[in-house]
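*Asks:* Below is one structure. I have some questions about it.
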Amino acid sequence: MYDVNKLVDKLYEKTTLSKEEWIYLIKNRNDVDKEHLFKLARDRQQEYYGKDVYSRGLIEFSNYCRNNCLYCGIRRDNTNLLRYRLTKDEILECAKEGYRLGYRTIVLQSGEDMHYTDDMICDIVSSIKNLYKDVAITLSIGEKSYESYQKYYDAGADRYLLRHESAVEKHYESLHPKQMSFKGRIKCIKDLKEIGYQVGCGFMVNAPGQKDEYLADEMLFLKEIDPAMVGIGPFIPHKDTPFKNEMAGTLDMTIFLLACIRLSIPSVLLPATTALGTISPIGRELGIKAGANVVMPNLSPVRVRKLYELYDNKICTGDEAAQCIGCLKGRIESVGYNLVSARGDSKNPSYVRR
Ligand code: SAM
Ligand code: FES
């Protein structure tokens, strides 16, 4: 019906495809000339970001969560897990080390842990901003009210990562308990955008039940939301979750989709995720060669890293922060890119702080 390589060229030129074209391209991805696709994705990336790959220092500050997502290793019902919380001082200590190592974006991530009140989150955010004026702060702490998101923004948070997890309501419902709602999740993403955050959304590649048709919806959803960042990584089963026997996502599908996302939203910030590095020893390098331009090394204290195990065999849980960045620098240089410490704000003109 279509020529897949012509569809790739069309995506490069027009940054969009129809639903039928997406479905055809995804279903027939084995026929795509991958070298050509990845080259176009790299060209687009370099138009906006040159050879720079941005580093974001990730502080996983709590593994308590009130939610029970079926795929997630830190879900509430996992009793096989020691829970931890970092204090404000411990978080500031990690941020200090991150700053010393050159990070100019700090990502604060946790489960949905109600222990941290809005005032506590605002205090942590404003303390980091006061100490390090040139640092961008990304929050990734789940679903909150519009008012809470506004408070964090006013305290100085610049960006927010909230993966939508699935753009197809019935698929979203199959991944989450009934207390969680698709509409609620999408409302959060729209609220964050309206407030002025640089917003990141995304999904797990090959999540249980994900069909090729659904991936076409993902692509159209991303285009419509026009996020500053898109986080995608392979689903990987965790032994203490209901999805423990499900198949992990593949390297091929993940890097194919990374390249498609780069062509669809040329200015997007696109991480080569830790999950991608977990399913393949050179997953992140291949991600960068397919158009990704962000890495998120771990800044959490080594003693808690293994406890933030979202999926089995997560990598980078043993190294000190300095070793982590040294390792990633070498990996990125090995594929011809430079790891840079700049804040690396989105080049998308619709994301200008008000
Ligand atoms: N609580 C926050 C939230 O809900 O956005 C942030 C933490 S949550 C653990 C971060 C992301 O981890 C999720 O959005 C999900 O896509 C990813 N994740 C969770 N379990 C995973 C798994 N088994 N395999 C791959 N990614 C997973
Ligand atoms: Fe809450 Fe995964 S279930 S972070």
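*Asks:* Place the peptides 190-197, 130-137 in order of packing, highest mean first, counting for every residue the other Cβ atoms within 10 Å and averaging per peptide.
*Replies:* Working: 190-197: 18.6, 130-137: 14.8.
Answer by packing, highest mean first, reads 190-197, 130-137.
*Asks:* Per-residue ellipticity at 222 nm for the chain, helices alone: DSSP H runs ≥ 4 residues times -39500 (n - 2.57), over residue total, nearest 500 deg cm²/dmol? Kindly include the intermediate steps, with their values, before the conclusion.
*Replies:* Details: 14 runs with 154 residues, N = 354.
My calculation for the chain gives -13000 deg cm²/dmol from helical runs alone.
*Asks:* Looking at region 130-282, I'd like the Rg to Rh ratio, where Rg is from alpha-carbon atoms and Rh is Kirkwood's inverse mean 1/r.
*Replies:* Details: Rg = 15.9 Å, Rh = 16.3 Å.
Looking at region 130-282, the ratio lands at 0.97.
*Asks:* Which cysteines in the chain lack any other cysteine whose Cβ sits under 4.7 Å from their own Cβ?
*Replies:* So, C65, C94, C122, C188, C201, C260, C316, C324, C327.
*Asks:* Stretch D226-K178 to full length: gain in nm at 0.36 nm per residue minus the Cα-Cα span? Can you show the working numbers first?
*Replies:* Working: separation 48, 0.36 × 48 = 17.28 nm, distance 2.78 nm.
The D226-K178 span can extend by a further 14.5 nm.
*Asks:* Just how far, in whole angstrom, is region 206-277 from region 167-193 if you go by their alpha carbon centroids?
*Replies:* Answer, in whole Å: 16.
*Asks:* Counting only DSSP beta bridges with both residues in region 42-137, tell me the antiparallel percent, nearest 5. Can you show the working numbers first?
*Replies:* On the way: 1 of 8 bridges.
Around 10 percent antiparallel, to the nearest 5.
*Asks:* Restricting to region 124-248, compute how many DSSP beta bridges are antiparallel as a %, nearest 5.
*Replies:* Numbers: 0 of 12 bridges.
Given both bridge residues lie in region 124-248, the antiparallel proportion sits at roughly 0 percent.
*Asks:* Quick one: which of K6/K39; K10/K51; K88/K151 span more than 21 angstrom between C-alpha atoms? Don't jump to the answer; show the numbers that get you there.
*Replies:* Values: K6/K39 15 Å; K10/K51 24 Å; K88/K151 18 Å.
From the list (K6/K39; K10/K51; K88/K151), the Cα-Cα distance tops 21 Å for K10/K51.
*Asks:* Which whole number in µm²/s is D for region 100-184 by Stokes-Einstein, with the Kirkwood Rh taken over Cα pairs at 4 °C and 1.567 mPa s? All intermediate terms of the calculation are to be shown ahead of the outcome.
*Replies:* Values: Rh = 14.3 Å.
Approximately 91 µm²/s, per Stokes-Einstein.
*Asks:* Let me ask you something else. Relative to the longest principal axis of the chain, what angle (0 to 90°, nearest 10) does the C-alpha long axis of helix 212-225 take?
*Replies:* The answer is roughly 60 degrees.
*Asks:* Under a point spin-label approximation (7 Å from Cα along Cα-to-Cβ), what is the T250-C327 distance to one decimal in nm?
*Replies:* About 2.7 nm separates the two model spin labels.
*Asks:* Next up: With a 10 Å radius around each residue's Cβ, average the other Cβ atoms per peptide and rank 226-235, 276-285, highest first. Walk me through the numbers before you get to the answer.
*Replies:* On the way: 226-235: 24.0, 276-285: 20.3.
Final packing ranking: 226-235, 276-285.
*Asks:* Related question: By DSSP, what percent of the beta bridges with both residues in the chain are antiparallel, rounded to the nearest 5? Walk me through the numbers on the way to the answer.
*Replies:* Numbers: 1 of 31 bridges.
Roughly 5 percent of the beta bridges in the chain run antiparallel, per DSSP.
*Asks:* As an exercise, find the ratio Rg/Rh for the chain from alpha-carbon atoms, using the Kirkwood inverse-distance average for Rh.
*Replies:* Details: Rg = 19.0 Å, Rh = 20.3 Å.
Dividing the radius of gyration by the Kirkwood radius yields 0.94.
*Asks:* Can you pull the Kirkwood radius for region 237-292, inverse mean 1/r over Cα pairs, to one decimal in Å?
*Replies:* Working: mean 1/r = 0.0834 Å⁻¹.
It is 12.0 Å.
*Asks:* Just to confirm the number: angle between the C-alpha axis of helix 146-155 and the first principal axis of the chain, 0 to 90 degrees, nearest 10?
*Replies:* Roughly 70 degrees between the two axes.
*Asks:* May I have the extent of the alpha carbons of region 268-336 along their three principal axes, as whole Å values ordered from largest to smallest?
*Replies:* Principal extents (largest minus smallest coordinate, Cα): 33, 24, 23 Å.
*Asks:* Something else: Relative to the longest principal axis of the C-alpha atoms of the chain, give the angle of the C-alpha long axis of helix 4-14, reported between 0 and 90° and rounded to the nearest 10°.
*Replies:* On a 0 to 90 degree scale, this one is about 60.
Just so you know, all these numbers are worked out from the coordinates, no wet-lab data involved. Here the structure is a predicted model, which means the values were calculated and not measured. Heads up, the Cβs are rebuilt from the backbone with ideal geometry, glycines too, and the neighbour counts pull from every protein chain shown.
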